[in-house]
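This report refers to the structure that appears directly beneath it.
The values are calculated or read from the model by the stated rules, or taken from the named source; none is laboratory data. Since the model is a prediction, treat every value here as computed from it, not as a measurement. When we count neighbours, we look across all protein chains shown, and the Cβ atoms used for this are built from the backbone with ideal geometry, even at glycine. When the accessible area is computed, the model is the full protein with side chains, heavy atoms only, and any ligands, DNA or RNA have been set aside. Shrake-Rupley method; radii C 1.70, N 1.55, O 1.52, S 1.80 Å.
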Amino acid sequence: MADADVRIPTELLPKDGRFNSGPSKVRPATVEALAATGRSYLGTSHRRTGVRSTVARVREGLRDLFSLPDGYEVLLGNGGSSLFWDAATFGLIDDRSQHLVFGEFSAKFAQAAAAAPHLAEPEVIETEPGTHPTLRYSAEVDVYAATHNETSTGVVMPIERPAGATGRQLVVVDGTSAAGGVRVDPTQFDAYYFAPQKCFAGDGGLWLALCSPAAIERIATIGVSDRWTPAILSLPIALENSRLDQTYNTPALATIFMLADQVDWMLGLGGLDAVAARCDASAAILYGWADAHPLARPFVAAPAERSPVTGTIDFDDSVDAAWLAASLRANGIVDTEPYRKLGRNQLRIAMFPAIDPEDVAAVTRCVDFLLDAR
Ligand SMILES: *Cc1c(COP(=O)(O)O)cnc(C)c1O
């Protein structure tokens, strides 16, 4: 049982075996398109037209993809979503924030705000992994922080302003693993931030934030206050550079290219609704299979809270899920292990837009094969 030496018949295998929840499967066509730029893109200045026009393509493409209302702006900078948490503690939270905590990622922004010496103790609303809490009006806070998809547990939550929230209270959403794969109404957020290595099938290292006029105003107001901010975390500096289609310091050019290519691909599929429908199709296959299986079940009990992009499947105690993951890996199906700190007898299977729903179906057939072969 410890040996992961079962050979799965080739005809059962997915066409592409990458199911990681980030960095996620990059479409081969994207890599080919990058290679095809030859000497015209990589190794050229990020302050000149070749790279800046690619950044412009990203900013315009995201505006289209998310149907951003007038006045919303696309900001970007280096450092990924983790950096944005720290940037937000300097540039978006004025005094006090409220955080929904329901897994590893949502906890991190709350910890950053709690640790910031210039901010008041945040309000934290926490629920058990596998569920999500809900934003609650509080007169005390100027930022509500939610996470659209908690990647560590596979829980998705609807993004809605809390009833009674005032125009001076910003809704700041970690959309890192949801953005581009889950529908969202931009009028319900002020800042929706993410990185390209999940639904956008690119590489890490960059953060992007879709910001409402209220968020832009908050950035500007704090920017002229006497709060000290390290330049690399400064949202006013990021805003100024983003408006010029560039980043404050040198970005990874390949990351930007892959992101632009994926945004174009998503728009070509028909936009966010069409892309989300593709993830929904994958999720229906995965959860439908697990629901019907005597030895498996979706970890997230409430069907509406099951992520359409990162599926978590618990197994019966008679099944060693670590052996399943190792056996899948030995057959070229990689990174189905659960989030390490969750500690469950589980597989986690990414269903980002780049992943073919047919390949998700193939993984379920491979797991069935392994369960029979034990
Ligand atoms: C992956 C992830 C992050 C971290 O993103 P980095 O770009 O690696 O900093 C943050 N939040 C969520 C929800 C994630 O899935």
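Of the DSSP beta bridges with both residues in the range 1-160, give the percent that are antiparallel, rounding to the nearest 5. Beta bridges within the range 1-160, antiparallel portion: roughly 20 percent.
Put Glu217, Glu73 in order of accessible area, highest first, and with a 1.4 Å probe you get Glu217, Glu73. Ser225 sits among other residues whose Cβ lies under 14 Å from its own Cβ, and their net charge, with Lys and Arg +1 and Asp and Glu -1, is -3. Protection proxy ranking for 142-149, 128-135, using the average of other Cβ atoms within 10 Å per residue and placing the highest first: 142-149, 128-135.
Only protein heavy atoms count here; under a 1.4 Å probe, Thr310 has an accessible surface of about 0 Å².
Take the alpha carbon gyration tensor of the range 29-269, find the square roots of its eigenvalues, order them as a ≥ b ≥ c, and report rounded if a/c is under 1.5; if not, report prolate when a/b exceeds b/c, else oblate.
Prolate shape, in that a/c is at least 1.5 and a/b is the bigger ratio.
Looking at the range 65-187, what % of its DSSP beta bridges pair antiparallel, to the nearest 5? Approximately 15 percent, going by the DSSP bridge assignments.
Would you please give the FRET efficiency between Arg168 and Arg7, computed as 1/(1 + (r/R0)^6) with r the Cβ-Cβ distance and R0 = 56 Å, to the nearest 0.05? Rounded to the nearest 0.05, the efficiency is 0.35.
Of the accessible area of the chain, with the probe set at 1.4 angstrom, what percent is carbon plus sulfur?
52 percent
Each of Arg227 and Ser318 was given a label point 7 Å from its Cα along the Cα-to-Cβ line. The distance between the two points is 5.7 nm.
The DSSP beta bridges internal to the range 29-269 are antiparallel in roughly 45% of cases. If you line up the long axis of helix 49-65 against the longest principal axis of the chain, both from Cα atoms, how many degrees apart are they, to the nearest 10? So the inclination is approximately 70 degrees. The Cβ shell under 11 Å around Leu210 holds other residues with a net charge of 0, Lys and Arg each +1, Asp and Glu each -1.
Legend: residues Thr221, Thr30, sorted from most to least accessible area (1.4 Å probe; ligands, DNA and RNA excluded), read Thr221, Thr30. Surface listing: Ile237, Ile349 arranged by accessible area from highest to lowest gives Ile237, Ile349, probe 1.4 Å. Computed from point charges on the beta carbon alone (+1 for Lys and Arg, -1 for Asp and Glu), the dipole magnitude for the range 29-269 about its Cα centre is near 700 Debye. How much net charge surrounds Ala362 when only the other residues with a Cβ under 13 Å from the Cβ of Ala362 are counted, with Lys and Arg +1 and Asp and Glu -1? Within the 13 Å Cβ shell, the charges total -3.
Note on the range 1-117: Cα-only Rg and Dmax are 20.9, 58 Å. For the range 162-190, backbone nitrogen atoms closer than 15 Å to the point 7 Å from Arg136 Cα along Cα-to-C-beta are found at 162-165.
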